[in-house]
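Shown next, in structure tokens, is the structure this report addresses.
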Amino acid sequence: MVIAALADNTLTTLNALCQTKVSEPLILSCSAFVRSPCVAARKVTGHKDAKVADDAGPRSFPDDTPMTFGAAGRLHTNARDYGRFMISLMNGAGLSSALVDEMFTVQAEVPRDSDIYRLTGATGWGLGLVSLYR
């Protein structure tokens with residue numbers, strides 16, 4: 001929401017900016033944070049009473065739609081694009097070294113007595129990335 005506001009976008013127009021700034025430079029052929037023709041052609045839909053039930057599934061917010069940008073968990077992609085994205089992230093492609101350092105710096109610690117720590121070994125979160133340092 002902050003990026004949308006700073007870029008004079010809304011959550012239903014932010015994906016276009018993401019395509020221009022991330023997907024196109026990294027050559028991500030079928031990746032989007034909203035429903036796109038490429039995603040729709042490959043996405044599995046639910047079934048109810050032996051019929052396809054493409055009702056866009058559960059929503060996080062009452063006004064949420066398949067066209068609402070969802071950075072926290074709505075990246076629709078394929079294995080090739082995701083691998084390309086992760087390798088680019090690890091290599092810092094298009095990012096300053098200061099930003100890469102900030103992304104991988106623990107921003108929030110995971111309590112050692114928490115289920116998350118016990119189950120995953122995660123010790124903290126960076127900017128969207130988990131840290132497994134012990």
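Details
- Loop chymotrypsin sites (Phe, Trp or Tyr not before Pro), the stretch 61-134 (other Cβ atoms within 10 Å of the site Cβ: 14 or fewer; DSSP): Tyr133
- Per-residue 3J(HN,Hα) values for the stretch 67-73, derived from phi via the Karplus relation 6.51 cos²θ - 1.76 cosθ + 1.60 with θ = phi - 60°, read 9, 8, 4, x, 5, 6, x Hz in sequence order (x marks Gly and Pro).
- Degrees, to the nearest 10: 79-91 long Cα axis against longest axis of the chain: 30 degrees
- Cysteines of the chain lacking any other cysteine Cβ under 4.7 Å from their own Cβ: Cys18.
- 3J(HN,Hα) along the stretch 99-112, derived from phi through the Karplus expression 6.51 cos²θ - 1.76 cosθ + 1.60 where θ = phi - 60°, amounts to 5, 4, 4, 5, 4, 9, 7, 4, 9, 9, 7, 9, x, 5 Hz, with x in place of Gly and Pro.
- Of the options (i) 13, 50, 32, 5, 0; (ii) 13, 45, 29, 11, 2; (iii) 11, 30, 35, 21, 3, 0, only one is P(r) over Cα pairs in 10 Å bins from 0, in percent as computed from these coordinates, and that is (iii).
- Heavy atoms of the protein chains alone define the surface here; on that basis the chain has 72 Å² accessible area per residue at 1.4 Å probe size.
The values are calculated or read from the model by the stated rules, or taken from the named source; none is laboratory data. Everything numeric here is computed off the predicted structure, so don't read it as measured data. All Cβ positions, glycine included, derive from the backbone under ideal geometry; neighbour counts span all protein chains shown. With ligands, DNA and RNA removed, areas are computed over all heavy atoms of the protein, side chains included. Shrake-Rupley method; radii C 1.70, N 1.55, O 1.52, S 1.80 Å.
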